[in-house]
Amino acid sequence: MTISTTTPVPVIPPYATMLGFTRYVSRTGPAKATFVGGLRRQRERRSGFNPHGQLVKALKADIAFRTGGSYLGGVVDVVKDRWKPLYGTLRTGARTYLDSLGDPQQVDLAQTRDAIATVGPLAVKINPHFGLRFADGRREAVRIHFDEAPPSPEAATAMLHLMARHMDQILPNAEPVLVDLRRGVTHRIDTAARPADVESWLAGEAAAFTSMWSATATPTA
């Protein structure tokens, strides 16, 4: 009797970060499937690199230490040469955003926590970059948009809704905000949008994402 020794192929369940899912909903037609396939392959390889980490640290340091942009001013000098043009471009918008927060003595960092959302059949990691606490009692959970193009209306709606839905876990009683860092513009949730409609739209997008994820599974020999 022959005993099969075939090693089962591990099943990679559908999964997306908030960034990945919101980039997906911004796409149309065949570009959606291509994008999901890329995310799955990246997940299989466990690859990925965040080139913006040092900039976020500098921005947070300027907020925490009330240094008016001095950390942002020096961050270009400490990153690798390949990232200097990117940081030089982002730094201007970051300073604009920092100034928009008002009196540095009236704002401080607040600790946020990540959350795992269930959107239809899809698990989505909700991960703001940091939180803010203002002297008047307001709180904000901040997610930063770094891309060259502004966030699409679909991406902004999805991101702000997902953060709002899980704010009890992220930063209780906070308002979700999305900061377009290149332009120093802050986006807030559209109070005219009906949450139930947004939820239904996202569930449909998540169902399609899950189907595409399964369809792009790596073939086995």
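Data table
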item	result
Hey, A33 in contact with a helix residue (DSSP H, G or I) (Cβ under 7 Å, 6 or more places away or on another chain), farther than 29 Å from A174 by Cβ and among the small types (G, A, S) or not	yes
Out of V124, V177, V198, V142, sole residue that is among the β-branched types (V, I, T), part of a strand (DSSP E or B) and in contact (Cβ under 8 Å) with a residue 40 or more places away in the chain	V124
R138 being charged (D, E, K, R), open to solvent by 60 Å² or more (accessible area, probe 1.4 Å) and in contact with a strand residue (DSSP E or B) (Cβ under 8 Å, 6 or more places away or on another chain)	yes
When residues of segment 72-116 are limited to those that are in contact with a helix residue (DSSP H, G or I) (Cβ under 8 Å, 6 or more places away or on another chain), assigned to a loop (DSSP other than H, G, I, E, B) and modelled with pLDDT under 95, the one most open to solvent (accessible area, probe 1.4 Å)	V78
Selection status of G137, in a strand (DSSP E or B) and closer than 24 Å to G102 by Cβ	no
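The values are calculated or read from the model by the stated rules, or taken from the named source; none is laboratory data. These numbers were taken from a predicted model, which means no experiment stands behind them. Here Cβ is always computed from backbone atoms with ideal geometry, including for glycine, and neighbour counts include all displayed protein chains. Side chains included, ligands, DNA and RNA excluded: accessible areas come from the protein's heavy atoms. Shrake-Rupley method; radii C 1.70, N 1.55, O 1.52, S 1.80 Å.
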